[in-house]
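A short write-up of the structure that comes next.
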Amino acid sequence: MSPTIDEALATAAWRKSSRSGDQGACVEMAAVAQTVAVRDSKDPDGPVLLFTPTAWAAFASAPPQS
């Protein structure tokens, strides 16, 4: 039986972007059960956004807005 998404998130390997710096204003992401999970690094027990791998790839490869 597969773990629920909550169980998978509880044991996920979260990582921060290398561009985050030390100001604390960053997000963390984890690959979980064919989904990309994103959360606020300052609130690791707070809400999590879930994206399909295709949607995350489109977001991550988009040019920055000025």
Of everything in region 30-45, what is within 20 Å of P3 (Cα to Cα) and more than 11 Å from the chain's Cα centre (by Cα)? Give them in sequence order. A33, Q34, D45
So which pairs qualify, if the first residue must be in region 35-55 and touching a residue at least 24 places away in the same chain (Cβ under 8 Å), the second must be of a type in the set (S, T, Y) and assigned to a strand (DSSP E or B), the Cβ gap must be under 6 Å, and the two must be at least 6 apart or on different chains? L50/T35
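Sort out which residues of region 38-66 are among the aromatic types (F, W, Y) and under 23 Å from T11 (Cα atoms), and write them in order of number. I'd like the intermediate steps shown before the answer.
Applying the first criterion (among the aromatic types (F, W, Y)) to region 38-66 yields 51, 56, 59.
Selection gives F51, W56.
Bear in mind these aren't lab numbers, they're just calculated from the coordinates by the rules spelled out. Because the structure is a prediction, the values reported are computed rather than measured. Please note: Cβ atoms are built from the backbone with ideal geometry, for glycine as well, and neighbour counts cover all protein chains shown.
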